[in-house]
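Since the structure comes first, as structure tokens, the remarks are kept for the end.
Every read-out reported here was derived from the displayed coordinates using simple, explicitly stated rules and does not represent laboratory data. Here the structure is a predicted model, which is why all the values come from computation and not from measurement. Cβ coordinates were reconstructed from backbone atoms using ideal geometry, including for glycine residues, and neighbour counts include every protein chain displayed.
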């Protein structure tokens, strides 16, 4: 099975944060994504990144978070390592 693409994590991030009350730490969000979707991740997803010791999928989640902020679905300027859904992000999570 091939590595999961970064954009595939968008709905997973939104749902995880929504279920965590709309705001959570990066680690709590990653744990929730793993609980919800971990069985769907490929062996390749679990391989360590080339530049970091974390699994590839966790690195892709962090990169997708950046795009969610850019697209207005996560709040800009949240405290470090705290991810917060915007109102648009909450609405999108409810549709997912």
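Table for the structure above
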read-out: Residues being under 17 Å from residue 82 (Cα atoms), surrounded by fewer than 17 Cβ atoms within 10 Å (Cβ to Cβ) and in contact with a helix residue (DSSP H, G or I) (Cβ under 7 Å, 6 or more places away or on another chain) - total across segment 27-58; value: 0
read-out: Lone unmet requirement of (1) touching a strand residue (DSSP E or B) at 6+ places or on another chain (Cβ under 6 Å); (2) closer than 16 Å to residue 8 by Cα; (3) in contact (Cβ under 8 Å) with a residue 12 or more places away in the chain for residue 84; value: (2)
